[in-house]
Structure formats: C-alpha cells, structure tokens
Amino acid sequence: MIDLTAVRSLVAVVETGSIAEAARELGYSASAVSRHVTALERHLGVTLLRRGARASQVLLAARIVADHARLLLEEEAAFLAAVEEVRAGSEGVVRIAYTRAAATTIVPSAMAIMRRSYPRVRVDAAERDTDDEVTMLLEQGRADVGLVWGFPEPEASDLELTPLLDEALILLTAADRSDLHVSPLDLAALTHEPRISHTVHRGSPPRVDQMFEDHGLRPPEVVYRAADHAQLHGMVRAGLGIALVPSLGIVDVHSGVWRSVVAESFRVTYMAARADVADTRHVGAITRALASASKGLDSIELTFVGPESPR
C-alpha cells in the first residue's frame, strides 16, 4: 500500500522545487520529507530525485509520478469528506412508517424538509392500513420512526413516544345539511344519520362508537364504506351520509362539504421510535422534520368548504 504521507511530500517537493521548501509548507522537518521520498522510491522502484551535496534535483520521473499522485490525493480528500458526511449524519437511510391520513399530510412535507436539509439521506416510507401494523414494523426493526395514535394515552410498549399532533374529531356533511352544524357537539342529532366509514374498520372506528356509548347513545349506523379519504369526501359531498373523521383526514377535503368540530381532543398522533435508535442522528432529523411538517394541522378552519358558502 502506498503511503499517502510520502505521496504528499513528493508532490510538495515537485511543486516547490526543493526538500527544504516542501518541509516548510507541510510542517515537517527536511529530513522527514527526504525519508518520505526515499521510502516512495523504494516502493515504486523508481529514482525520483538526484541528490547532491547541497540540493536535490527533481527528475522527470518525479514530475510524472506527481501528476498522477495529485489525483490520488484528491480521491483521498473526497473519501475523507464522505466519511465526515456520514459521521455528521448527512448521508444514509431512515425508514418511516405511517397510515394513510399521514401519507397525504405530514409525511410528504417532512420528506421535502429532509431533502432540503439532508439531501444525501434517503427516506424509505412505508404506508400501512392501521397503526397496529406501523407498531409491528417498528418492533420488528423494519422501521426507525412511526406515526401512531393514542386515545388519549398509548398502550405501554418498548417504543419511545413523542406527542406530535392533538387531533379533533370532525363532522363532515353535504352542503344541504348545515342543520347538523348548528350544534355539532350534540351527538344525539347524529345517531340516526347514515354514516360513511373506511373499509379498514369492520364496523365504525371503535373510539367513535365508544364516544357515543359514553353519552348513552347508539352510534350512527355505517351504510357505506370508502377505501380512502378522497372517496369518503366524495360520498359525503354526494349526500350519501355523514362522516366523522380525525382532523388529519380533512386537510384535503373536497369542496361542497360542511365541516365542524364534534370533539376538541379526539386522539393524539405520536412519533414512535425504538429505544435503540431514538437518539441516532437520522432519527433525530426525521422527527424534527415531522414536527415541523405537522405545525398548523391542529388549527384547521372548520367551516363550509367550497367556492362560495351555500345559501
């Protein structure tokens, strides 16, 4: 293996024209520079300097070797810079897992923040149907950070949890059902309304059912199911029923839909990370990006959504 210190000494001797000047430039003694060049000559089997009593003459062979040696030193500098980037956390991979509501809201913005701040960190994103599946990925070590829910406190686990977003529960109706928004906190007015829910739930979401039952009311019957938020919003707009959706599910709500708060604090979205990676640099970077991306999502204007308010 070539000693890069010796290579650096040779290049300095060629560029300055003397061992003494090269020594001053590199901060070595003249004898050390001479030893470096001699060792390089032995390694290469080539005479690079013609040594005299008072000075050494740089030979053509030394100039040729130095030309190629500069490329080697440039590669060394690039290698060390790359290592420093890795050490500083500006290169690598971080894996996040989340459910559909976050897929169209928090996650894209967080990924954009990561690309600006850490362009050489790849974000591997995995969408799952439920937060239980997200938790499973984290526990299996197949994700570094996940977005999970708590009602209002998450179940005990080995994951480190950081509150991200306090979500309200939002009532969505068609434009001709403004009557349901006069007193949206009156759950009794909703019990007999046909309801639209997501296909991921066998019934309606258990937490929503529990909210009605806690008030001694029958939960509204689910009569239609939607595969995603866009379909759910379209069905609401068409007048097929009402929907009760956490606030993350309405930031991209269709026009022609009324929305108002049914419960101020319905669920908490948490950032979850395994304890063994929670303090690593990449995980810290993505959690900061997720926190930044979630700002303002808990203060959505809750009114009629459309080009004009209905008469």
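Between Val121, Val58, Val46, Val83, the distinction of being modelled with pLDDT under 90, closer than 21 Å to Ile19 by Cβ and β-branched (Val, Ile, Thr) belongs to Val58 only. The set of residues in region 39-59 being of a type outside the set (A, V, I, L, M, F, W, C) and surrounded by 15 or more Cβ atoms within 10 Å (Cβ to Cβ) consists of Glu41, Ser56.
Which residue, of Ala39, Ala53, Ala30, is touching a residue at least 12 places away in the same chain (Cβ under 8 Å) and out of contact with any Ser or Thr (no Cβ under 7 Å at 6 or more places or on another chain)? Reasoning before the result, please.
Values: Ala53 fails: touching a residue at least 12 places away in the same chain (Cβ under 8 Å); Ala30 fails: touching a residue at least 12 places away in the same chain (Cβ under 8 Å).
Only one candidate passes the filter, namely Ala39.
Among residues of region 109-138 that are in the same structural domain as Ser294 (by TED's automatic domain parsing), those with a Cβ under 6 angstrom from a residue that is assigned to a loop (DSSP other than H, G, I, E, B) and surrounded by 18 or more Cβ atoms within 10 Å (Cβ to Cβ), sequence gap 6+ or separate chain, pair up as Leu137/Ala143. The set of residues in region 228-241 that are in a helix (DSSP H, G or I), under 13 Å from Trp258 (Cα atoms) and in contact (Cβ under 8 Å) with a residue 40 or more places away in the chain comprises His233, Val236, Arg237.
Looking only at residues in region 124-160 that are among the aliphatic types (A, V, I, L, M) and not in a helix (DSSP H, G or I), the one that is modelled with the lowest pLDDT is Ala156. Going by the conditions given, is Leu244 part of a strand (DSSP E or B) and at pLDDT 90 or above? It is true that Leu244 is part of a strand (DSSP E or B) and at pLDDT 90 or above. Note on region 1-108: enclosed strands (runs of 3 or more DSSP E) holding 1 or more residues that are over 48 Å from the mean Cα position of the chain (by Cα) are 49-51, 56-58.
Selection of first residues in region 262-290 that are within 12 Å of Leu147 (Cα to Cα) and of second residues that are among the basic types (Lys, Arg), restricted to Cβ pairs under 6 Å at least 6 apart or on distinct chains, gives an empty result. Right, Ala81: over 30 Å from Leu165 (Cα atoms), surrounded by fewer than 19 Cβ atoms within 10 Å (Cβ to Cβ), in contact (Cβ under 8 Å) with a residue 24 or more places away in the chain and out of contact with any strand residue (DSSP E or B) (no Cβ under 9 Å at 6 or more places or on another chain) or not? So Ala81 does not fit the description; no. For region 175-186, the criterion of a residue being assigned by TED's automatic domain parsing to the domain that holds Glu221, hydrophobic (A, V, I, L, M, F, W, C) and either within 24 Å of Asp228 (Cβ to Cβ) or under 12 Å from the mean Cα position of the chain (by Cα) (or both) is satisfied by at least one position. Would you check if there is a residue in region 110-119 being surrounded by 14 or more Cβ atoms within 10 Å (Cβ to Cβ) and under 30 Å from Glu15 (Cβ atoms)? No: zero hits.
Just to be sure before I move on: is Glu74 of a type in the set (Asp, Glu), exposed (fewer than 11 other Cβ atoms within 10 Å of the Cβ) and either under 30 Å from Gly284 (Cα atoms) or outside the structural domain of Pro119 (by TED's automatic domain parsing) (or both) in the structure I sent?
Working: of a type in the set (Asp, Glu): yes; exposed (fewer than 11 other Cβ atoms within 10 Å of the Cβ): yes; either under 30 Å from Gly284 (Cα atoms) or outside the structural domain of Pro119 (by TED's automatic domain parsing) (or both): yes.
It is true that Glu74 is of a type in the set (Asp, Glu), exposed (fewer than 11 other Cβ atoms within 10 Å of the Cβ) and either under 30 Å from Gly284 (Cα atoms) or outside the structural domain of Pro119 (by TED's automatic domain parsing) (or both).
Checking the stated criteria, Val107 turns out to be surrounded by 13 or more Cβ atoms within 10 Å (Cβ to Cβ) and in contact with a helix residue (DSSP H, G or I) (Cβ under 8 Å, 6 or more places away or on another chain). The single residue among Val253, Val261, Val223 that is at pLDDT 85 or above, crowded, with 16+ Cβ neighbours inside 10 Å and either in a loop (DSSP other than H, G, I, E, B) or of a type outside the set (Phe, Trp, Tyr) (or both) turns out to be Val261.
The values are calculated or read from the model by the stated rules, or taken from the named source; none is laboratory data. Please read these numbers as outputs of a predicted model, since none were measured by experiment. No Cβ is skipped: glycine too gets one built from the backbone with ideal geometry, and neighbour counts run over all protein chains shown.
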